[in-house]
Every structure is written in C-alpha cells, then in structure tokens.
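Each reported figure results from applying straightforward, stated rules to the coordinates on display, with no laboratory input. Please read all numbers here as calculations on a predicted model, not as lab measurements. Glycine also receives a Cβ, built like all others from the backbone with ideal geometry; neighbour counts cover every protein chain displayed.
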Amino acid sequence: MDWKYVIGIISTVALFIWIGRKLMGLFSKKQLETLPQPAITYNELKKRIRIIVIDDDKESFPIEILKDEGYAIDYWAEVQSLSKLEDGYYDIIFLDIKGITKKYHTPNEGIDILKHIKKENPSQIVVAFSGHSFDLSKSEFWKIADDTLAKPVTAIDCKEKIDELIKKFITPHYFWLAINNILQQHGVKEKQIRRIEHQLVKAIESKNDSNLKPVIESVIDDVNMTTRVINMAFKIVGLFK
Amino acid sequence: MPFDAILAICPFPTINKERKITNGFLIGAPRYCKKCREGDCKKDTLQQANQAITHSVCSNGFSIFLLRFDAYDVLIAGVISDNNHHIRGERRQAYRKNIISPAIIQSWYDAVSQLNEFISSGISKTVRDSIAELHDVKRTTSVVNRNAESVIKEYSAGSSFGDKVENASPPLKALYKSITLLNSRLDMMSIITNPGYVTDGGLRNFPVMKIFYMIAKIFEEEAAQKQIRISVEGQSKNTPKLYKTFDAIPIVLIDNAVKYSLPNQEITVLIEDNNRGVNASISSFGPLVSKEEISRIFEKEYRTESAIQAESKGSGLGLHIAKIVADAHAVKIEYRAEFKTTMNKQKVGNNIFAFEIPGNS
C-alpha cells in the first residue's frame, strides 16, 4: 500500500471538515448563554447602575451616604418623566406612594405610577418604598412591586437591598429574558429574535456595538418598544465591557 | 368582645371557661344541671357541627344550643327548647321557666354578632387612626436616622460606611443600634393593622446565628441596667429562606426576656442546627406563667398576672405579633416553664420559649 496516498486522503478529509466547521460557525446564530460570565467588578457595576429615588421626603433615603459608597443615585421629589421610568433608563426605581404625582394627578398616586410602569415595561425593577406598611388599603403597592423597603430605613438597610437587587437582576440572563418577553409579546418571529441575539453576541465579542441598534430597529416597528429593547441590549453589552 | 363579656350579657345559662354551668341574667341554670355527672353539654363531639347554631338534647332531656361566633363558641345549656319533645313531662313542668323558643336564641345570636362587628370596626378605625399617626413618627425617625448617620460618617474611621459603624464610639454605636431597634418596632406595628405585611417583600436568606446575635447585642445595654447578661450559644450555618419580618420573633422574645427577667440573671439564646432546620430557644429566669394562662399568652393584648405586676406598662401585643409572623412561616412557638422556687408567693424559674425554623428545602 502506498502510505503517502493514504496520508493524503486523511489530510484532505480533515481539511474539509475544518473548513466545513468554520463555515457552519459563520452561518449558525450565536447564543448569549455560550458566552462566559462578564468579568466586570462589582465596584465598577455599582457605578454604572442607575438608581432613582422618587419621594417627597428627601430625608427618607440616605442618598449622600450611598453616593459616597459608589452608587449612582438620582433623586426626584415627584415623578418628572414617565417615559424615563418606562424605558429602562433607570435600572432600579425606589418609589414612594404619596406626594409624588403632582404633575400627573393620579388618584392612587404611587400605586398608579407603579401599575403604569409595570404595564409598559414589566421587566423594570421597582422597589415599593413607603412608610405606609401599616395601611391595608395600600397592600397592592407592596404586592405589585419587585421588592419592598419599608420606611424608616438605615443606610445599611438600603445598601443591602441595592446589593441584593443588583446580584439578582443586573445580569445578562435577566435582561435577555426581558428582551425576549417583550419581543414575543409583540409577535416578533423566533428567527428575528435569534438574529438580535446573534448581533448582541457579536457586539460583545468584537467590543463594537455600532450594528446593534440598526438591527434592532430593522426588526421592530414600535418606537417605544425599540427604545426599551435597545436600552436593555446596551446594558447587556455594557456588562461585558 | 371578650368571651366573659358575652356570657355576662347572655340571658340563658351557659358553660363558662371552667366548664361549669352558670346562670343567665334572665334564666337560671337548673339545680339538676349543677349536680349533673354526665356532662353531655361539655363533650367535644358537640364541637363538630358546622352551622352557626346547633341544637341537641342531653341525656337528661335538656336542650343544648351551640352558638358559633368568629372568635369562640358559646354553649347554652339547661334550657328547654319548645320543640324539644325528649324531656319527661314532670321535668318539663318543673322547669317551665326554662322553656324558650329557638327564635329567641337566633335573635340573641344575631344581636351579639352585630355588636361584635360594630365593636370590631370601631376598634379597627381607632387602631388605624392611631397607627396612621405613626406615619409622622416614621418621618421623624428618618430624620434621626440621617443625622445619626451623618455623625458616624464624619467622626468614625473606615473606608466604607459599614466600617465606620463598626469603628464608631460605643455611645454612637448604641445610638445607631437603638435606631435599628426603633425601626424594627415600627415595622412590627404594621403587622397588627396589616397582617398581610408579614409576607410582603418575598423570601430571603436569613443567617440565623448572625441575626440572633445582632438582636441580642441591641438589647445588651438595657439588660446591663438590670445586671442581666445575654449569652448567645450554639452554632448554625443554616440560612433558611424567610420573610423579612421574621426578626420580629427574636426581637419580641429577647425583649420580653429582658423586661420580665429578675435582676442579676442570665438570658440564654441557644441556636442549633438539626436535620430539619434550626432549633432556637430563649430562656430567662423570672416569674413563671401559670398553667391557666399559658393558653392565652399569644392572644392580642393579653398580659399575664406576673407580667402586669412586673411591668405595669405594656400593650400585650408582642407575643401576638410573634405568633402572626410564626404562623406565616409554619413555625410554632412553644412555651415551657421550669419551676425552681417560690418568691413573694410567686413561682419563679426558667421561662423557655422554643421554636424550630424550617431549613432550606
């Protein structure tokens, strides 16, 4: 037997297999779960997470102490922009019940705001933050929110709560699940959802997210939904930077 | 309305808490019933009925009416319903003053139910109004929180706020702990008017040993004033998933232990893991709860005789709140008295409150 001939055949087959796998890699859609966990440090994550406290009593939340601890916290004495609350601009919202809706004149104040946010963007994290824990009529507020924090609070209580929420919700998996839910609820096809996911993975791997927004915009018609999905997609990418 | 008050306004003979027949304010208990040995009217089989009012006849021919209210059952006995044909003719004649119609029983039941509802709604409104004023207290407490934190931030060493609290001077640390306790107590008041609050916020990991240790530290200053030492013993690595309000249980039990313990004694908090979860007990030396009162210690606003003597002020809400929280977690708090001696005609010994926290499953 001519061994050179045999070796030649084996090498050719191996080459074709290698080329084939490379080509398949090019055409198959990449998935987020195949990526390793983000290497971002917790201190860096804290600085990037946008938190808003909406309460007519500024003393109720230890804003300055937590800013010193490295958290990025904004404060509104009343709701200033519903769209900012709906669109996922803020990662975590601490929402009071009373005295915060002078601009919007809602009869049940914070409860109505919370219901509105959850209706528009179910994945938006809202913490019910109130001193009305004794009031049976406000039970709905506590139950609808993602978490609760009853006043009065210490700085340590607030820090522990925020850390708990970041660990639980500020993950690629949570954001991708939320994007998936929004897209499915609006009837976007599975193929298109996979296309967005593939583009997301490419943006993370190449550290270049310039194509992400156009792809999302090409798939979704609704402007509000596009904004929310883009916000969350960029949050996922941000976790890997 | 309390059970005793209900019996006091009942026109018919009733069975009281001591399971003895007592006269109604209109109709007296038959002498026959007072001497009765059969005790059909006290049998537990009667309690199985589901209706609001149940009529049965005892072996001596008298009618028994079991009336079910929300909070308790009332037994009317020693009467003769006008549709009771079991009683012998001579006995019926002898006790003709005890003949009543079921309609009268129904009317009394309806009147008492309405009265109970009226009193409850009045109490609820009063409690809600009072508790609503707590909202202002909570706002003020927030201001105190922020000011204490500013002082700690400015005058204590440390890179993080947590470190600054640890390194704070003892009086400042004690102040901060007191504020934490005040916050927890305000939380507990919410449970009275809004029991659903117990489970708000979802389950979270509860490092049992750490939390019990922290709560014991909070009460150290107060205990020291009575020369009482609080020791936390045992070990637990368990972090079961519990509601945030679970800390009300150790707060109430340790607080009570400090309040009612005799001076120069030790309070022992014992924590131990077992196969099912964590065993916890709080033991203190002082006047014991009497056997008659044990079944009532978790009732709302109930205070034992020894508690009233030891401390005239008290709401009687602590153990009631602890029970609400325990029930939400399927935890049972048990009380055990270990008699040691008699002092000033009072039995004293170890008061032990124990419960098992279910582990992670």
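Here are the numbers for this structure:
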quantity: Efficiency of FRET from Cβ geometry, residue A:119 and residue A:194, R₀ 35 Å, rounded to 0.05; calculated: 0.80
quantity: Per-q log10 I(q)/I(0), the stretch B:273-333, q = 0.26, 0.28 Å⁻¹ (Debye; single scatterer per alpha-carbon; no solvent); calculated: -1.21, -1.28
quantity: Whole-number D in µm²/s for chain A (Stokes-Einstein; Kirkwood sum over Cα pairs; 10 °C, 1.306 mPa s); calculated: 78
quantity: Cα centroid separation - the stretch B:304-361 against the stretch B:158-235, whole Å; calculated: 20
quantity: Dipole of the protein assembly as shown, positive end: most advanced residue of B:113, B:134, B:344 [Cβ charges, Cα centre]; calculated: B:113
quantity: Computed label-point distance, nm, for sites residue B:292 and residue A:224 using a 7 Å Cα→Cβ extension; calculated: 6.7
quantity: Most mobile listed residue (A:53, A:153, A:229) in chain A, GNM with C-alpha springs under 10 Å; calculated: A:153
quantity: Measure of compaction for the stretch B:183-294 (Cα Rg per 2.2 N^0.38 Å); calculated: 1.14
quantity: Check: the stretch B:242-361 dipole with +1 on Lys, Arg Cβ and -1 on Asp, Glu Cβ, in debye; calculated: 260
quantity: Cα-Cα P(r), the protein assembly as shown, percent of pairs per 20 Å interval; calculated: 15, 36, 28, 15, 5, 1, 0
quantity: Angle between chain A longest axis and helix A:190-206 axis [Cα atoms, degrees, rounded to 10]; calculated: 90
quantity: Packing-based ranking, highest mean first, of B:85-91, B:36-42 given that Cβ atoms within 10 Å are counted; calculated: B:36-42, B:85-91
quantity: Directionally averaged projected area (convex hull, Cα atoms, chain B), nm²; calculated: 23.1
quantity: Tensor-based shape of the stretch B:184-228 (alpha-carbon gyration tensor, a/c under 1.5 rounded, otherwise prolate or oblate); calculated: oblate
quantity: Translational diffusion coefficient (Stokes-Einstein; Kirkwood radius from C-alpha pairs) of the stretch A:105-241 at 37 °C, 0.692 mPa s, in µm²/s; calculated: 195
quantity: Descending Cα extents along the principal axes, the stretch A:153-234, whole Å; calculated: 47, 30, 19
quantity: Cβ-based net charge around residue B:251, under 13 Å, with every Lys or Arg adding one and every Asp or Glu removing one; calculated: +1
quantity: Over the stretch B:1-81: Rg over Rh, Cα atoms, Kirkwood Rh; calculated: 0.92
quantity: Along each principal axis, Cα extent of the stretch B:242-296, largest first, Å; calculated: 32, 28, 23
quantity: Antiparallel bridge percentage (DSSP; both residues within the protein assembly as shown; nearest 5); calculated: 60
quantity: Alpha carbon Rg of the stretch B:1-159, scaled by the compact-globule rule 2.2 N^0.38 Å; calculated: 1.73
quantity: 10 Å Cβ shell holding at most 13 others, DSSP loop, chymotrypsin sites (Phe, Trp or Tyr not before Pro): longest site-free stretch of chain B; calculated: B:73-361
quantity: Computed helical MRE - 222 nm, the protein assembly as shown, DSSP H runs ≥ 4 contributing -39500 (n - 2.57), nearest 500; calculated: -14500 deg cm²/dmol
quantity: P(r), alpha carbons of the stretch A:1-119 - 10 Å bins starting at zero, rounded %; calculated: 11, 25, 18, 12, 10, 8, 7, 6, 2, 0
quantity: Compactness of the stretch B:124-209 - radius of gyration and Dmax, Cα, Å; calculated: 16.1, 48
quantity: Bridge type composition, chain B - antiparallel percent by DSSP, nearest 5; calculated: 80
quantity: Size of charge dipole - chain B - debye, nearest 20, with Cβ of Lys, Arg +1 and Asp, Glu -1, no other charges; calculated: 960
quantity: Dipole magnitude of the stretch A:43-95 about its Cα centre (Cβ charges: Lys, Arg +1; Asp, Glu -1), debye to nearest 20; calculated: 300
